[in-house]
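In what follows, a single structure is set out as structure tokens and then discussed.
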Amino acid sequence: QVQLVESGGGVVQYGGSLRLSCVAYGTIISFADMAWYRQAPGKLRDLVALITRDEKTEYLDSVKGRFAISRDNAKKMVYLQMNNLTPDDTAIYYCNRQPPALPWGQGTQVTVSS
């Protein structure tokens, strides 16, 4: 009954921006740390942004200053604002608890071209 649904990905030019959204169905996220993860072709899934239950944030070094994670507990949503995108950001992006404790969703594809 628990489902994570990511959206907002797409194809953008080098330096472009995207805003990703995640909806958590069938679970309460108010007391959980939430995160965005990404997986590029041939690589493992990496954590890129974390937001705690009290809205403290942490980021992968390569995205600091460019990405911003936020949450809306009442709406059961988590967001990721992505600015100044580069081809190295190309990946499938997923949301989940941190540490991951929910079934993975399908993710949303982000492709950055040069």
Q) Can you pull out the residues in region 49-78 that are in contact (Cβ under 8 Å) with a residue 24 or more places away in the chain, within 25 Å of Gly26 (Cα to Cα) and of a type outside the set (Lys, Arg)? A) Ala49, Leu50, Ile51, Ile69, Asn73, Met77, Val78
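Scan region 60-90 residue by residue and report those that are at negative phi and small (Gly, Ala, Ser).
So the first thing to find is which residues in region 60-90 are at negative phi, and the list is 60-64, 66-75, 77-83, 85-90.
Across region 60-90, the qualifying residues are Ser62, Ala68, Ser70, Ala74.
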**Q.** In region 56-72, the residues that are open to solvent by 50 Å² or more (accessible area, probe 1.4 Å), of a type outside the set (Lys, Arg) and more than 17 Å from Tyr37 (Cβ to Cβ)
**A.** Gly65
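Tell me, yes or no, whether region 88-96 has at least one residue that is in a helix (DSSP H, G or I) and either modelled with pLDDT of 95 or more or among the charged types (D, E, K, R) (or both).
Residues of region 88-96 that are in a helix (DSSP H, G or I), as a first pass: 88-89.
Filter once more, so that each one left must be either modelled with pLDDT of 95 or more or among the charged types (D, E, K, R) (or both): 88-89.
For region 88-96, residues in a helix (DSSP H, G or I) and either modelled with pLDDT of 95 or more or among the charged types (D, E, K, R) (or both): present.
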Q) Taking the stated definitions as given, is Ser17 polar (S, T, N, Q), without any contact (Cβ under 8 Å) to a residue 40 or more places away in the chain and open to solvent by 20 Å² or more (accessible area, probe 1.4 Å)? A) no
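Among Pro87, Pro99, which is the only one that is touching a residue at least 60 places away in the same chain (Cβ under 8 Å) and loosely packed, with under 15 Cβ neighbours inside 10 Å?
Pro87
Please determine, by comparing only the residues of region 102-114 that are among the β-branched types (Val, Ile, Thr) and either part of a loop (DSSP other than H, G, I, E, B) or touching a Leu at 6+ places or on another chain (Cβ under 9 Å) (or both), which one is surrounded by the fewest Cβ atoms within 10 Å (Cβ to Cβ).
Here is the first cut: in region 102-114, the ones among the β-branched types (Val, Ile, Thr) are 108, 110-112.
So of that shortlist, the ones also either part of a loop (DSSP other than H, G, I, E, B) or touching a Leu at 6+ places or on another chain (Cβ under 9 Å) (or both) come out as 108, 110, 112.
Details: Thr108: 22, Val110: 22, Val112: 20.
Among those that are among the β-branched types (Val, Ile, Thr) and either part of a loop (DSSP other than H, G, I, E, B) or touching a Leu at 6+ places or on another chain (Cβ under 9 Å) (or both), it is Val112.
Collect the residues in region 22-51 that are open to solvent by 10 Å² or more (accessible area, probe 1.4 Å), under 10 Å from the mean Cα position of the chain (by Cα) and over 10 Å from Tyr93 (Cα atoms), keeping them in residue-number order. Spell out the reasoning first.
Here is the first cut: in region 22-51, the residues open to solvent by 10 Å² or more (accessible area, probe 1.4 Å) are 23, 25-28, 30-31, 33, 37-47, 50.
Those left that are additionally under 10 Å from the mean Cα position of the chain (by Cα): 37-38, 47, 50.
Passing the criteria: only Leu50.
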Q | For Ile92: the one exception among (1) farther than 21 Å from Gly10 by Cβ; (2) open to solvent by 30 Å² or more (accessible area, probe 1.4 Å); (3) aliphatic (A, V, I, L, M) | A | (1)
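The values are calculated or read from the model by the stated rules, or taken from the named source; none is laboratory data. Computed from a predicted model, the values in this text were never measured in an experiment. Glycine gets a Cβ as well: all are built from the backbone with ideal geometry, and neighbour counts include every protein chain shown. The accessibility values were calculated without ligands, DNA or RNA, using every heavy atom of the protein model including side chains. Shrake-Rupley method; radii C 1.70, N 1.55, O 1.52, S 1.80 Å.
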